[in-house]
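I have placed the structure first, in the form of structure tokens, so that the comments after it can refer back to it.
Bear in mind these aren't lab numbers, they're just calculated from the coordinates by the rules spelled out. Since this is a predicted model, take the numbers as computed values, not measurements. No Cβ is skipped: glycine too gets one built from the backbone with ideal geometry, and neighbour counts run over all protein chains shown.
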Amino acid sequence: MEKSIGLTFTIVGFTVTLLGAALAATCTPTSTGFCNPTPFSGVGVAAAFMGGALFLVGLILVLKKEAGFFRTASPGPPGAPTVVCQTCGKPLAWIPTANRWFCSKCDEYR
């Protein structure tokens, strides 16, 4: 579910960004060759920024679910008490892939 929402946000955000950029670039040519912005230019800039933000949120949601980015360490195996580092006293984080405890302050496995 989270991945499909992220994909939707990404597609809609990209589309809104393109449309906003197109609106921001619209102008009325003058006889001297310069370009006078239309009233839609400001709306286009705002739409481009909002679309870009929506695109980034969607991208983060997709990457978070797809590639496992932004994972946090679990507090330990189920039912385990809080374990502290014997060197610095800071709580250790259980790293399931390493099957060991890790101290982020000492930057070492325990």
How large is ³J(HN,Hα) for each residue in region 46-62, as worked out from phi by the Karplus curve 6.51 cos²θ - 1.76 cosθ + 1.60 (θ = phi - 60°), to whole Hz, x for Gly and Pro? 4, 5, 5, 5, 5, x, x, 5, 5, 4, 5, 4, x, 4, 5, 5, 5
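Ranking W94, W101 by Cβ neighbours within 10 Å, fewest first, what do you get?
Details: W94 17, W101 20.
Least to most surrounded, the residues fall as W94, W101.
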Output ³J(HN,Hα) for region 29-42: one whole-Hz value per residue in order, computed from phi by the Karplus curve 6.51 cos²θ - 1.76 cosθ + 1.60 with θ = phi - 60°, and x for Gly and Pro. x, 9, 5, 8, x, 7, 10, 8, x, 8, x, 7, 4, x
